[in-house]
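The values are calculated or read from the model by the stated rules, or taken from the named source; none is laboratory data. Bear in mind that the values here come from a model prediction, so they are computed numbers and not experimental data. Note that we place each Cβ from the backbone using ideal geometry, even for glycine, and neighbour counts take in every protein chain shown. The area values use the complete protein model at the heavy-atom level, side chains included, leaving out ligands, DNA and RNA. Shrake-Rupley method; radii C 1.70, N 1.55, O 1.52, S 1.80 Å.
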Amino acid sequence: MSDISASPGRTRDPGKERTLSRRDFLDGIAMTAGLAAVGSRDGLTAFEALTTGPEMPHNAAPAPGVAGWHGDTAHALSVPHALRDGRFWEYAGPAVPTGEHYDLVVVGAGTSGLTAAAEWLRAAPDARVLILDNHERLGERRRGPGHAPYDSVMCDRETFPVETLVRYEPEGTAERWISRLPVADRARADLLRLYRDAPDWFPRLSAEEKQERLAGLTYSDFLLKVCRAHPDVERFCRTMSSAAWAYDTRAFGAIDAWGSTHGRTHGHAHGRTHGRTHGDARPDARSDARRDAHGPDHSPARGWARGWDYPGFDGLGLDAGKPSRFNAPSVQRDWRRRPGDPQDPMDPVDPLIPGPAGAPVGLLAAAALDRPGDPVRLRLSSPVVSVRDEGPPGGVSVGYFDGHEVRTVAAGAVILACWSMVVPYLIPDLPAEQRRALAAAVRLPTVEAVVRLRDRRAWQRVGVTRTRWTGAYWYATELAEEDRGPVTARLLAAPCRSELGPAEGAAEGRRALFRTPYRFLEHSARDQLARLLGPGGFDPDRDIEGVEIRRWGHGHAAEYGRPWHAFYPDGPFPAEVASRRFGRIAIAGSDTAVGGTGGAVAAARRAVAELSL
C-alpha cells in the first residue's frame, strides 16, 4: 500500500503519468485550492505546482552537487501542516498496527526528547524505548557564534552609508573602535558616553522602580526614548541579541540587556556557549586577567571585555550582586552560574545510557540502527499523527506516518517532546484550557548556512573568525573551529519580525522564511562572505565548494520575559497549564518550559518524574 492508485492519489501531467506516494500528495495538496482559483502559476503545470508544495517554492531547490535544504523542509512539515489544516485523515488511509510494544515512546528527538529517553533508561535499564521524529537528520539545530563571542562587527551597507569592518582588538579602547564606526558624529559621542559615562536615567526612582521601568521597555526603546541616543546607536546595537534570543533588540527586553551585561561582570565572564552568548562581549582568560590586574572596577574604560556589552546601564546604580526578579529565566541562570559550571545543553546531544555489561553508550548510537530487539530505537522521517490513551490493558496507542501509511505501536507511556502547537491535533480529547495554552506557545524561526570552503587563508588574512553584522540577512558569520576535516563557515539568520514582538514577529518571520527560495539564501550567504573576506583574496566562485541551508521555521522556543508577558515573573504561567499530564501521556516540549529552550532538560526530567509516580 505504498501508493494511492486511484483518485485523488493519481494525477496526470500533460504527456506523462506518475503515481504519487501519500507523502508526495500531502506535500502538495495545500496548493490545490489556489490552483483552482488562479490556474497555473509562474508557468508551472498543475502537476508541478501540486508536487512542489507550499514550503518549497518552484526552482528553489539547490543546484546539483550542492548540499541543499535540511531542517524544517517541506518533507518534514507536510504531515504536521496537513494535520493542522484538517486534511491529513482524508487521504492517509486506515492505520495499520505493527504489533510492537514499548515501555516508552518519545515524540521528538531534540534535547528534551533525547534527555527524556535517557532519564527513563537510567531508571529502568531494561526498558524498551522508541523515539519518533519528523525530521530526516538530527544534531543540526544550533545557534549563536559557536563557543566564543564575536571578534568583529561589520557595519554593513544595509545599515550604514559606508560598509566598514571593525575588529575588536584585545588591547583597544572604546574610543579607538568607536572612532572607526561609519556613523554620525553625534552617534559616536552618544555611544562613547553610554559605554563610559552613562548617567542615572531615573534618579528619583528606587532600585526596584528602576528595574520595573526597564522591564517595561525593549532595549531599542531604552536607547532611543530614555537615553535619547542618535538612531545610528540603536542601528549599531540592534543585532546584539539575535544570537541568544533569535530576535533583535526591538523585541529584547531592556531589563535582560542589563542583566546579561552585569550578570557577566559579576564573576560570570564565561558568558553563554552554544549560541547563548549575549551581545559582543569577549569573556575569556584575557578578560579575567585584565579584571585581576585592575581590581574590582569593571567599568568599560578599565578593560576591553566590557567594551562590547549592551551599553547605557552603569549609571543606574543597580545591585550588581544579584539579578532582577524581572530577568528572564535564562538570564537568571547565567547570573548564578560560576566559571566551570556545566552549561545548559542547547544543541541536540547524545546522552549516555547503560549499555552492555553496564558500560555507558551514547543513546543515539544505540538507537540509530532501529533493529528489532534493541532496547532503544530511533525512527526519523516518522511524524506522529495520533496519540490515544486507551487505558489498560492496551496502554497508549501511537500512530505515525512512515511515508506510505499510518502505522501504530503500543506504549506503556508517552512523552511528547515536540512542538506544543501540534499536540492538540495529536490528542483531540485534551481540555479546552490546555489546548489554548499549547496553541499560545511561541517558537522562533532560525536559519543556518553551512558553507564548505576550499581553505581558511582568507580568514587569516582578514584577521577575523566571528563577525556580527548590523543589518544584513545573516546576522553572524564564523569560521568553524574544527581542526580536522573540511573547512566550513557558518552563517546565522533570525527571520523574526522583531518590531512586531516575539509572538507576532515569529509568525510573520516564519511565513516569510517559508516563501524564501533556496537561491536567495545561497546567494546572500555567498555575497556576505565575499564582502567580508574579499580583502583577503576570497573568491566565492573558486573558494566555496558547497552550501547547505538548515531552515528551522519552529526552531527556538521563546521564554517568558518582559516587556511582552505581563504575568512574568509572578505567574500564573500558560506553560503550567500546557504541560499538564494527560493520563499516561506527559508533555515536555521546550516551548512548554517557563525558560523556553533553556528549560528543555528540566521539562524532560519533569515529564519522566510525572510518569514514574
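Values as computed for the structure displayed
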quantity: Among the candidates ARG511, ARG531, residue that is under 28 Å from LEU138 (Cα atoms) and of a type in the set (D, E, K, R); calculated: ARG511
quantity: Residues located in the stretch 199-211, provided they are within 33 Å of the chain's Cα centre (by Cα) and under 16 Å from ASP314 (Cβ atoms); calculated: LYS210, GLN211
quantity: Qualifying residue in the stretch 582-599 (condition: surrounded by fewer than 20 Cβ atoms within 10 Å (Cβ to Cβ) and either at positive phi or modelled with pLDDT under 95 (or both)); calculated: yes
quantity: Subset of the stretch 90-122 (residues that are assigned to a loop (DSSP other than H, G, I, E, B), open to solvent by 30 Å² or more (accessible area, probe 1.4 Å) and touching a strand residue (DSSP E or B) at 6+ places or on another chain (Cβ under 7 Å)); calculated: ALA95
quantity: Count of the stretch 319-336 residues which are surrounded by fewer than 20 Cβ atoms within 10 Å (Cβ to Cβ) and either among the acidic types (Asp, Glu) or out of contact with any Pro (no Cβ under 9 Å at 6 or more places or on another chain) (or both); calculated: 4
quantity: Neighbours by Cβ (under 7 Å, 6+ apart or cross-chain): first from the stretch 188-206, farther than 17 Å from ASP309 by Cα; second open to solvent by 60 Å² or more (accessible area, probe 1.4 Å) and in a helix (DSSP H, G or I); calculated: PHE202/ARG213; LEU205/ARG213
quantity: Single match in GLY403, GLY394 (criterion: surrounded by fewer than 18 Cβ atoms within 10 Å (Cβ to Cβ), in contact (Cβ under 8 Å) with a residue 24 or more places away in the chain and either in contact with a strand residue (DSSP E or B) (Cβ under 9 Å, 6 or more places away or on another chain) or not hydroxyl-bearing (Ser, Thr, Tyr) (or both)); calculated: GLY403
quantity: Count - residues of the stretch 218-233 that are part of a helix (DSSP H, G or I) and either open to solvent by less than 10 Å² (accessible area, probe 1.4 Å) or not acidic (Asp, Glu) (or both); calculated: 9
